[in-house]
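Take a look at the structure below.
Laboratory data are not the source of any read-out in this text; all were calculated from the coordinates shown. Everything quoted here is computed from the prediction, not taken from an experiment. Note: ideal-geometry Cβ built from the backbone for every residue, glycine included; neighbour counts use all protein chains shown.
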Amino acid sequence: MKATDVINDLKRRFPNEPEYIQAVEEVLTTIEDTYNEHPEFERYNLIERLCIPDRIYSFRVSWVDDKGKVQNNMGYRIQHNNAIGPYKGGIRFHSSVNQSILKFLAFEQTFKNSLTTLAMGGGKGGSDFSPRGKSDMEVMRFCQAFMTELWRHIGPDTDVPAGDIGVGGREVGYMYGMYKKMTHEFTGTFTGKGREFGGSLVRPEATGYGNVYFLLNMLATKGIDIKDKKVAISGSGNVATYTAKKLLQLGAKVVSMSDSNGSIYVPEGLSEEQLEYIFKLKNIYRGRIREFAEEYDCQYFDGERPWQHVKCDIAMPSATQNELDGDDARTLLANGCFAVSEGANMPSTPEAIKEFLNAKILYAPGKAANAGGVSVSGLEMAQNSQKLSWSAEEVDAKLQSIMAEIHQQCKIYGEEEGGYINYVKGANVAGFMKVAKAMMAQGIV
Ligand code: NDP
């Protein structure tokens, strides 16, 4: 297999899908050598079957807004690969959602889920509907309309969605309610559900906490203590806020957060009270991060991401894809940043990744560092199947051991001469090998 040939062919067949091509390119260029050590993979044209999703559903979602006007959005579900378990991956509601973005996310999810050590295939779904500025009733009507189509394609052993950007507990609850009504069944088809109807303890915290646990594993390889380290975070949603919460518990200083309108800079670090304010601002009042800057009189950079403005030891991008580019990476490095652990999916551009790898800093790609969320989703599925509910301590302990195991797999497959761990290569090769072996065993299907 020549990675460039496969990528050029995919570019020709899917010319309008840059994010999908970007994700495939990153993986293929790092697994090429390993793949070519297995001539049987090439005989089965495994790589093309792994890159192209098993199937894609796309559909119109029509709903009525509060003014009585009929709105139409697009809905999608990408079922990428189920070689090692049912399709599993979140649902994203954001105005930018299109097939390319969901295909990149579903592709990444396949490798991430493989890394978790649990039995989950890869999928992703969503809509170009944005919950921002919508009333509760509008969000509910949209979620219900979305589910009247999606319900027939998912199930506890088929495809298990969860949240992502724009989809939190409220949206999962509305979608699950409609799913239950359509199927006449109470099953664990969604994860990230409310506690009262099968949701796992620690699922809301899992992606952020898991990212910090992964970071601790990376820091331990260098004997570095997290205490008093300055950490720049982007985003102020689910992943960002729980990342910040765990960092504060461990004595680190969170110096920035952001949203799609701008970023705040607090050089001395957020207090617990300030973080609580952001949590309420975003989840209850559904306000903007600018309002935090007004309340606490701190620096606010309108329309800008944190990276050019902050001095930090560690960066944890936790908002969206391609939010940290080559210039941002160079500025972070020049300012002394020695670790980057990605909460978001593919937040660093290829140029930024190159900078981090060349500088040989600790750099963890999202598919390893943010796998805690889907891991606890996997634990939620296990609890639902057993009709049991585990304690927060039990789930958190399992999360910590899964993140340590993912780190170990990255080390096994990514350690280079001289001891540097290339986490990009490690995560991609480890994730790939498990899926590849399962696909080989199951024949050409
Ligand atoms: P949320 O919707 O809770 O929060 C997203 C945050 O990112 C918000 O602060 C939002 O700002 C900001 N944001 C979204 N789009 C953009 C953009 N185009 N430019 C700048 N800022 C933006 O989502 P999550 O926290 O759940 O997800 C964040 C990232 O983490 C995503 O990449 C997601 O795929 C990834 N992830 C999430 C997991 C989970 O369990 N939730 C699991 C693994 C990965 P605003 O409020 O202005 O929209």
What ³J(HN,Hα) values, in whole Hz, does the Karplus curve 6.51 cos²θ - 1.76 cosθ + 1.60 give for segment 31-46 when θ = phi - 60°, with x put for Gly and Pro?
9, 3, 5, 4, 4, 6, 6, 10, x, 5, 4, 5, 4, 8, 6, 4
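Output the pairs from Lys2/Lys434; Lys253/Lys280; Lys311/Lys367; Lys134/Lys253; Lys360/Lys437 with a Cα-Cα distance over 29 Å in this structure; if there are none, say none.
On the way: Lys2/Lys434 21 Å; Lys253/Lys280 20 Å; Lys311/Lys367 26 Å; Lys134/Lys253 34 Å; Lys360/Lys437 31 Å.
Beyond 29 Å: Lys134/Lys253; Lys360/Lys437.
Counting every Cα pair in segment 3-186, what percent are over 26 Å apart?
Within segment 3-186, distances greater than 26 Å cover 34 percent of Cα pairs.
Does segment 295-398 classify as rounded, prolate or oblate by the C-alpha gyration tensor (a ≥ b ≥ c root eigenvalues; a/c under 1.5 gives rounded; else a/b over b/c gives prolate, otherwise oblate)? Let's see the in-between values first.
On the way: a/c = 2.68, a/b = 1.89, b/c = 1.42.
Here segment 295-398 falls in the prolate category.
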Can you tally the net charge around Leu105? Count Lys and Arg as +1, Asp and Glu as -1, for every other residue whose Cβ sits under 13 Å from the Cβ of Leu105.
+3
Using modelled backbone amide H atoms (1.01 Å from N, in-plane), which distant-in-sequence or interchain residues come within less than 5 Å of Ala364's amide H?
Val340, Ser341, Glu342
Quick one: which of 127-139, 104-116 comes out on top by average Cβ neighbours within 10 Å, and what's the full order, highest first?
104-116, 127-139
If Met1, Met218 are placed from fewest to most neighbouring beta carbons inside 10 Å, the sequence is Met1, Met218
Segments 414-421, 253-260 sorted - mean Cβ within 10 Å per residue, highest first
253-260, 414-421
Tally the DSSP beta bridges in segment 3-186 and give the antiparallel ones as a percent, rounded to 5.
70 percent
If amide H atoms are built 1.01 Å from N in the plane of the peptide, which residues on other chains or at least 5 residues away come under 5 Å of the amide H of Asp54?
His80, Asn81
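Between Arg330 and Asp33, take the C-beta separation as r, use R0 = 41 Å, and let me know the FRET efficiency to the nearest 0.05.
On the way: r = 28 Å, r/R0 = 0.69.
So the FRET efficiency works out to roughly 0.90.
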For segment 294-306, take each phi angle, set θ = phi - 60°, evaluate the Karplus expression 6.51 cos²θ - 1.76 cosθ + 1.60, and give the result in whole Hz per residue in order, putting x for glycine and proline.
5, 5, 10, 6, 10, 5, 10, 10, 5, x, 10, 8, x
Summing -39500 (n - 2.57) over every DSSP H run of at least 4 in the chain, dividing by its residue total and rounding to the nearest 500, the 222 nm mean residue ellipticity is -15500 deg cm²/dmol
Modelled label-to-label distance, Val64 and Ser95, 7 Å Cα→beta-carbon offset: nm?
2.6 nm
Apply the Karplus curve 6.51 cos²θ - 1.76 cosθ + 1.60, θ = phi - 60°, to the phi angles in segment 162-173 and return the couplings in whole Hz, x for Gly and Pro.
8, x, 6, 3, x, 10, x, x, 4, 5, 4, x
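What is the antiparallel percent of DSSP beta bridges lying wholly in segment 206-364, to the nearest 5? All intermediate terms of the calculation are to be shown ahead of the outcome.
On the way: 8 of 20 bridges.
Approximately 40 percent, going by the DSSP bridge assignments.
Over all directions, average the projected area of the Cα convex hull of the chain and note it in nm².
On the way: hull surface 82.4 nm².
Result: a mean projected hull area of 20.6 nm².
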Restricting to the chain, compute how many DSSP beta bridges are antiparallel as a %, nearest 5.
60 percent
Just tell me which lysines come within less than 18 Å, Cα to Cα, of Lys193; anything on the same chain fewer than 8 places away is out.
Lys88, Lys124, Lys180, Lys181, Lys387
